[in-house]
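The values are calculated or read from the model by the stated rules, or taken from the named source; none is laboratory data. These numbers were taken from a predicted model, which means no experiment stands behind them. Methodologically, a virtual Cβ is constructed for each residue, glycine included, from the backbone with ideal geometry; neighbour enumeration extends over all protein chains shown.
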Amino acid sequence: MSSIRVKACAMTAAVAALFLSVPSHAETEPETTDPIVINGGELELPTVAPAPAHLEGVFDQIYSGWLFRDAATQAMQMDDFENPGMIFVDQGIDDWNTVEGKAGKSCASCHEDIESMKGVRAAMPKVNEAGDLWSMEDYINDCRTSRMQAEALEWDSDRMKNLTAAISVQSRGMPMDVAIDGPAEPYWEQGREMYYTRYGQLELACANCHEGHYGDWIRADHLSQGMTNGFPVYRLKQAALVSQHNRFRGCIRDTRGETFDMGSDEFRALELYVASRGNGLPVEGVSVRH
Ligand code: HEC
Ligand code: HEC
């Protein structure tokens, strides 16, 4: 108990110190904006893009979270053999080809090669035919339950993360391009409101850290713009793949606040809004973070 309290106090002090300091982006922009060169040049992922129109007056440029990580972590993402997330991509592809459920089908029975999923990640989350905002996890579970007659997977289960990783990699390098108008607009508005809502005992909104203070440090953490184009990410600290909703939950917990459930409507809306802030950055998933 005492160690938890000490940790929380250290965090509180570090965060308080940060927010007493004056933000000055001129000094905290990334020093370089080199692309992520994968496998010695097989693929180059830009790490900077012009900010989308809806962020006018907020950011000129948007940056990959990769730029804010240390050289060793960056290097892991530059080589698919060094990237620990790639093992889970392979497991996801095995799952893709595995027959399960009463209909006697695998994902491949209908979608054929997983390469058919190219482009899907860049547009997620999106509004489905019934008008509901769905994340990739929802589409996967809908196929499992209604088309394979198999059990739904838990949002944050290893199998679900392996599948989202395997599907995301098919879009690697494609610019994020989620729709925010038409039927998506009310969800996007809800997500935007959440982004600027102060949570927890520290009364911090996502924007306080990722908009007002990117480039600054909270203890050992170099703050990024909090983009999601690298998800699912392999986190060295957790030694596991981490989903977007799990990351959101962790960030809200760091404000010592009550959080939403993974797979909740609130987190879907937040996912859409955060994704839209990164429209134009390439899909990196599976990226490596510390
Ligand atoms: C019985 C056939 C069938 C099976 C089996 C199936 N799907 Fe689907 N899936 C579809 C159809 C039909 C759609 C909707 C049309 C489309 O986008 O292709 C769809 C849509 C999707 C989408 C959304 C694509 C988009 O562009 O919006 C994803 C992601 C997906 N499926 C993943 C999976 C995964 C993962 C599995 C295995 C766990 C699976 N599907 C199994 C038929 C199937
Ligand atoms: C107290 C400051 C703080 C607040 C408030 C906060 N975060 Fe974070 N967040 C961090 C830190 C520290 C990291 C890890 C370093 C980094 O990537 O910025 C992080 C990482 C992230 C990442 C991963 C970025 C990547 O490239 O891997 C996302 C996405 C994210 N946050 C979203 C959010 C959202 C959405 C909210 C609001 C619900 C939020 N954060 C609130 C501190 C914060």
## Note on the structure
Scanning region 115-132 residue by residue, those buried (at least 18 other Cβ atoms within 10 Å of the Cβ) and more than 21 Å from the chain's Cα centre (by Cα) turn out to be none
### Task
State all residues of region 75-89 that are without any contact (Cβ under 8 Å) to a residue 60 or more places away in the chain, under 18 Å from P232 (Cβ atoms) and in a helix (DSSP H, G or I); if no residue qualifies, say none.
I87
### Task
Select, from G131, G119, the only residue that is in a loop (DSSP other than H, G, I, E, B), near ligand 1 (Cβ under 8 Å from one of its atoms) and either modelled with pLDDT of 95 or more or within 19 Å of R172 (Cβ to Cβ) (or both).
G119
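Which residue is nearest to ligand 1 (Cβ to nearest atom), if the candidates are limited to region 91-116 and must be among the aliphatic types (A, V, I, L, M) and not in a helix (DSSP H, G or I)? It would help to see each step written out before you state the result.
If we filter region 91-116 for residues that are among the aliphatic types (A, V, I, L, M), which is where we start, we get 93, 99, 103, 108, 114.
Retained after the next criterion (residues that are not in a helix (DSSP H, G or I)): 99, 103.
Details: V99: 9, A103: 7 Å.
Among them, the one singled out is A103.
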#### Entry: Output for region 48-95, where each listed residue is among the small types (G, A, S) and under 26 Å from R159 (Cβ atoms)
G65, G85, G92
### Query
Looking at F231, is it away from ligand 1 (no atom under 16 Å from the Cβ) and among the aromatic types (F, W, Y)?
no
### Restricting region 150-167 to residues that are more than 15 Å from R235 (Cα to Cα) and of a type outside the set (A, V, I, L, M), the residue that is surrounded by the most Cβ atoms within 10 Å (Cβ to Cβ)
T164
### Task
Mind listing just one residue for me: the one in region 183-204 that is away from ligand 1 (no atom under 16 Å from the Cβ) and small (G, A, S) and, of those, surrounded by the fewest Cβ atoms within 10 Å (Cβ to Cβ)?
G200
### Query
With respect to the numbered conditions (1) of a type outside the set (V, I, T); (2) under 18 Å from G57 (Cα atoms); (3) at pLDDT below 95, which one is the sole condition not fulfilled by E203?
(2)
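Here is a list: S135, S171. Which entry is among the polar types (S, T, N, Q) and under 18 Å from G263 (Cα atoms)?
On the way: S171 fails: under 18 Å from G263 (Cα atoms).
Selected residue: S135, the only one of S135, S171 that is among the polar types (S, T, N, Q) and under 18 Å from G263 (Cα atoms).
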### Query
Of all the helices (runs of 4 or more DSSP H) wholly in region 176-290, which have at least 1 residues that are of a type in the set (S, T, Y) and either near ligand 2 (Cβ under 10 Å from one of its atoms) or within 29 Å of L153 (Cβ to Cβ) (or both)?
185-195, 265-277
